[in-house]
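The values are calculated or read from the model by the stated rules, or taken from the named source; none is laboratory data. These figures come from a predicted structure and were not determined experimentally. Quick reminder, even Gly has a Cβ in these numbers, built from the backbone with ideal geometry, and neighbours come from all protein chains shown.
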Amino acid sequence: MNRLARGVTVGVGVALAVALVVALLELPAAAIHLPGTVAQHLAQSGVEHPVTAVLLNFRGWDTLLEVAVLLLALLTLLTLSGGQAAVAAVEADPLLQGLARKALPLIILMAGYLLWAGAHRPGGAFQAGAVLAAGAVLLQLAGLLPAWAAPGRLLRLGLTLGFLVFLAVAAALLGQGALLQYPPASAGGLILLIEAGLTLSLGLILAGLFLFVTGRRA
Amino acid sequence: MSTGLLYALAGVVLFALGAAGVIVLAHLLRKILAFNVMGSGAFLVLVGLAQRTGVPDPVPQAMVLTGIVVAVAATALALGLARAWHARTGRGTLTEGEDRD
Amino acid sequence: MTEAWLDPAAWLIVLPLLWAGLAFLAGPGRGARLAIVALALQLALALKLAADLTATGARVHAVGGWGAPLGIDLMIDGLSTVLLLLTQVVAVALAVYAQGYFADAHHRREATWFWPLAGFLLAAMNALFLSADLFNLYVTLELLGLAAVGLVAVGGGTAQLAAAMRYLLVSLTASGAYLLGVALVYGAYGTVSIATLGPLVAAQLPLAVWLAAGLMLVGLMAKTALFPFHFWLPPAHGSAPAPVSALLSALVVKASFYLVLRLWLGPFASLGSTAAGLAGALGAAAILWGSWQALRAQRLKQLVAWSTVAQLGYLFLIFPLLTADGLALQAGVLQTVAHGLAKAALFAAAGVLMLATGRDTVEGLAGVAGRVPLTLFAFGLAGITIMGLPPSAGFLAKWLLIDAALESGQWGWILVIIAGGLLAAGYIFRVLRQAFLLAPEESRFHPVPRRLEWMAFVLAAASVLLGLRGAELVALLGITP
Amino acid sequence: MMTLAFDWLLVVALLWSAWRCLASADLNRAVVMFIVFGLLMALAWARLDAPDIALAEAAIGAGLTGALLLDALGALRARREGRDVHGEAP
């Protein structure tokens, strides 16, 4: 990129920032206030934590598509690394290995807690899945878990299970009148079912974003 | 100035910084970093601006959670492409002649 | 009206998501037959949707049963239904084509994860056409963009990697701009539902919303590859495997255009008029520059890709001509559909020609007329639509556009439309002329599965015959809430 | 008063770390600054009464993205050194 284009880009960036700052400072209050609406319908959502209610009930459709985005990223990474062999993991220092071994049960426990807590307070499937994935990355760095090769059937099932369960529930609820229209009585149970599937699959997918790519040689 | 508005203002600056970075920086890893800064800026605007009256709003918070997951998916994909490109050509940039890191 | 659990709108999104997931579960290289059966079903669903729409009018499917602004609404009206129909028709034909294309030994490796990627791509398209929620649209845009990048990368070559990387960077920056726009809109009004926004924007228009509209529209124009944001398109569409190029050029760029149209006609209507001249000027530049590059292109698929840059220009000519009588809007949608069918046919035909000759240059086409006459005929038919000759749908679109320009007294655009048609004739005949030359002595031809030729022909014929059924399409388009 | 001062400090730190991340001449340092930026973002989310995002940002934004970036950086470096030793691209 030449100097002129650089200069123009930086100039446009500065102008945009200035205009946005001015716009935010003079912005009047919003006409619609959704937190009130969320609180009003929270009792019918099946969970007590408003963010989880939005994520899995009121705007659950976003979340379903978002899981598809993750699967898609993983698929493309598999396409890119197709046919390449994983290099054996380098031996890590024993201190890290010991630490990783001790941390593992703790990590699984924490993921379980976050999943359970999501219904009432901060936490939920995404945080729990991320913790599981972090555990897998830690194990890999400690040399205790090899990089993954092309996924076998069982792994593929684990990767897609959360997505397919979510989709099946969404479609099955069509009988209620619309996609993802939970009956208030069973909403809590269905959301927990979806979140349990998502925790497993998101953990595997997020770990896969790392483990399918690391240590690969063309 | 409320806490929400302050972070929203920081957000627009981060967004502009990141957006200019994605375009101006040559190295692919730097472009990916800049993209993440840009995304974080947009997320701060989304939540900060909605909460400028001081009331927490779960709707944009849930949207940002979705956004963070989408961003990590995009980052992983971009890094995968950058690695494959580097493995094939030995270069860290798309255009020739700017190959310093 | 059908029963709730049979709502075709809902199944049009659930079904592609389902077969995409199942195709991944089935394993590498699998899923072709599943996809074709499911896509045939989707086509039936889209037809059912159109029939219901004609009978009972536009409606909303409130996901979760909450309704906007708390929940996400799906909007079923004429515009979304026309694009859903186009998508399913093109997709089912290209799926049959792709099954044959990837059966070829040289291309089998590219097919490893083609089917699940294509499934997610089509699910994203359908979800985008139906969604009436700005943030939900952001998620569908990301799903669509990443799927498209993944499909460009399946080729695995160096050129594909560079094209995919460039495409990804443009796509991500553009959706980032869109997302900031959504954040500003939510901050300004407290909702992201398009229907709820309409009256709110009309009542009050702070600076933040002007900036939001600018960011969102520029981002979407970059995704539509409108000149001068077109630079990523020819490498991406020109280097991908033929079925992928066809999907991307025929459908994917139309999704972001559809969204521009939705926003321009909907919540940002009062803002649009100030930028209409600029959008038209960029469209005119795209027509002239894209056609000129197509005339000069050495490689066949590059030529077809540059033609897409030019044809997308016509879509933006409609903005300065939008008036209450809806002529320009009809022209834009007809052009979207006509180009979608014709461009899918051109890329499908280009794929056959490249398989047959084993070369990818225009020069290497000498002598193919005698070997794959059906494909060449398909190329010519699709060319009729691209050039805008009667009785094709392309003709109808350009005729309506000229009509709209005449009615509003804006003569300048007519010159651009006519010049674009002449330039298109130039690059189409350049290919046909080369194909009818005698083959050099040393050239060898490879046999091509017949179904590839037939699919190219079916798509091309549809693009021409649609011109005779334009009235039905326009009637469907007229159904608004 | 105290909290407002803390917010200003945090905002300045956010902008500074983002700037260092993009402007630093050394890629290693840039990635490390990005992880610092991610952790500061997590703090900002906590200040915005968004503990869910703070958790996700720390685990995904800083943690997983950081690991991906470091691993990619390592891979790019390893290949570059391999090329320098053999005097040609691998």
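Listing for the model above:
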read-out	value
Matching option when the condition is touching an Asp or Glu at 6+ places or on another chain (Cβ under 8 Å) and at pLDDT 95 or above, among C:Ala91, C:Ala132, C:Ala127	C:Ala132
Filter result for C:Leu86 (at pLDDT 95 or above and part of a helix (DSSP H, G or I))	yes
Filtered residues of the stretch C:1-53 (kept if within 11 Å of another protein chain (Cβ to nearest Cβ) and small (Gly, Ala, Ser))	C:Ala4, C:Ala9, C:Ala10, C:Ala20, C:Gly21, C:Ala23, C:Ala26, C:Gly27, C:Gly29
Qualifying residue in the stretch C:174-194 (condition: in contact (Cβ under 8 Å) with a residue 12 or more places away in the chain, more than 9 Å from chain B (Cβ to nearest Cβ), surrounded by 23 or more Cβ atoms within 10 Å (Cβ to Cβ) and within 19 Å of the chain's Cα centre (by Cα))	yes
Filter pass, C:Val149 being closer than 27 Å to B:Val22 by Cα, modelled with pLDDT under 95 and in contact with a Phe, Trp or Tyr (Cβ under 7 Å, 6 or more places away or on another chain)	no
One residue from A:Ala119, A:Ala128, A:Ala111 being within 24 Å of A:Ile191 (Cα to Cα), facing chain D (nearest Cβ under 10 Å) and in contact (Cβ under 8 Å) with a residue 40 or more places away in the chain	A:Ala128
Residue check for B:Leu49: within 8 Å of chain C (Cβ to nearest Cβ) and part of a helix (DSSP H, G or I)	yes
Close pairs from the stretch D:16-40: first at the interface with chain B (Cβ under 9 Å from one of its Cβ atoms) and under 13 Å from B:Ala34 (Cα atoms), partner in a helix (DSSP H, G or I) and aromatic (Phe, Trp, Tyr), Cβ under 6 Å, at least 6 apart	D:Ala18/D:Phe37; D:Cys21/D:Phe34; D:Cys21/D:Phe37
Subset of the stretch C:195-207 (residues that are without any contact (Cβ under 8 Å) to a residue 60 or more places away in the chain and buried (at least 24 other Cβ atoms within 10 Å of the Cβ))	none
Residue match in the stretch B:83-91 (condition: more than 7 Å from every other protein chain (Cβ to nearest Cβ), farther than 14 Å from D:Ala72 by Cβ and in a helix (DSSP H, G or I))	no
Subset of the stretch A:179-218 that is surrounded by fewer than 24 Cβ atoms within 10 Å (Cβ to Cβ) and touching a strand residue (DSSP E or B) at 6+ places or on another chain (Cβ under 7 Å) - its residue that is modelled with the highest pLDDT	A:Gly215
Some residue of the stretch C:230-252 being of a type in the set (A, V, I, L, M, F, W, C) and over 18 Å from C:Ala148 (Cα atoms)	no
Hits in the stretch D:41-69 - residues which are outside any helix (DSSP H, G or I) and at the interface with chain A (Cβ under 10 Å from one of its Cβ atoms)	D:Ala50
Flag if C:Arg433 is closer than 27 Å to C:His107 by Cβ and either free of Cβ contacts under 8 Å to residues at least 12 places away in the same chain or among the hydroxyl-bearing types (Ser, Thr, Tyr) (or both)	no
Residue match in the stretch C:65-79 (condition: touching a residue at least 40 places away in the same chain (Cβ under 8 Å), more than 30 Å from C:Thr357 (Cα to Cα) and in a helix (DSSP H, G or I))	yes
Test result for A:Val165, part of a helix (DSSP H, G or I), more than 10 Å from chain C (Cβ to nearest Cβ) and within 19 Å of B:Gly80 (Cα to Cα)	no
Odd one out for A:Leu193 among (1) on the phi < 0 side of the Ramachandran plot; (2) outside any helix (DSSP H, G or I); (3) within 21 Å of the chain's Cα centre (by Cα)	(2)
Residue match in the stretch A:35-47 (condition: crowded, with 18+ Cβ neighbours inside 10 Å, of a type in the set (Gly, Ala, Ser) and at the interface with chain C (Cβ under 7 Å from one of its Cβ atoms))	no
Looking only at the stretch C:120-173, and only at residues there that are touching a Lys or Arg at 6+ places or on another chain (Cβ under 8 Å) and more than 9 Å from chain A (Cβ to nearest Cβ), the one that is surrounded by the fewest Cβ atoms within 10 Å (Cβ to Cβ)	C:Thr158
Yes/no for C:Ala424 being touching a residue at least 60 places away in the same chain (Cβ under 8 Å) and among the small types (Gly, Ala, Ser)	yes
Filter result (assigned to a helix (DSSP H, G or I), of a type in the set (A, V, I, L, M) and touching a Pro at 6+ places or on another chain (Cβ under 8 Å)) within the stretch A:1-40	A:Ala23, A:Leu34, A:Val38, A:Ala39
Those residues of the stretch C:46-62 which are within 22 Å of the chain's Cα centre (by Cα) and surrounded by 18 or more Cβ atoms within 10 Å (Cβ to Cβ), in sequence order	C:Ala46, C:Leu49, C:Ala50
Among (1) more than 20 Å from the chain's Cα centre (by Cα); (2) assigned to a loop (DSSP other than H, G, I, E, B); (3) not charged (D, E, K, R) - the single one A:Ala171 does not satisfy	(2)
Qualifying residue in the stretch C:37-50 (condition: part of a helix (DSSP H, G or I), modelled with pLDDT of 95 or more and in contact with a Ser or Thr (Cβ under 6 Å, 6 or more places away or on another chain))	yes
Any pair with Cβ under 9 angstrom, 6 or more apart, that starts in the stretch C:208-219 at a residue that is more than 18 Å from C:Gly190 (Cβ to Cβ) and more than 8 Å from chain A (Cβ to nearest Cβ) and ends at one that is of a type outside the set (S, T, N, Q) and not in a helix (DSSP H, G or I)	C:Leu217/C:Phe268; C:Val218/C:Phe229
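Rundown of residues vs (1) closer than 27 Å to A:Val47 by Cα; (2) at the interface with chain C (Cβ under 10 Å from one of its Cβ atoms); (3) among the aromatic types (Phe, Trp, Tyr); (4) under 12 Å from the mean Cα position of the chain (by Cα), yes/no style:
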| residue | (1), (2), (3), (4) |
| --- | --- |
| B:Ala10 | no, no, no, no |
| B:Phe35 | no, yes, yes, yes |
| B:Gly39 | no, yes, no, yes |
| B:Leu65 | yes, no, no, no |
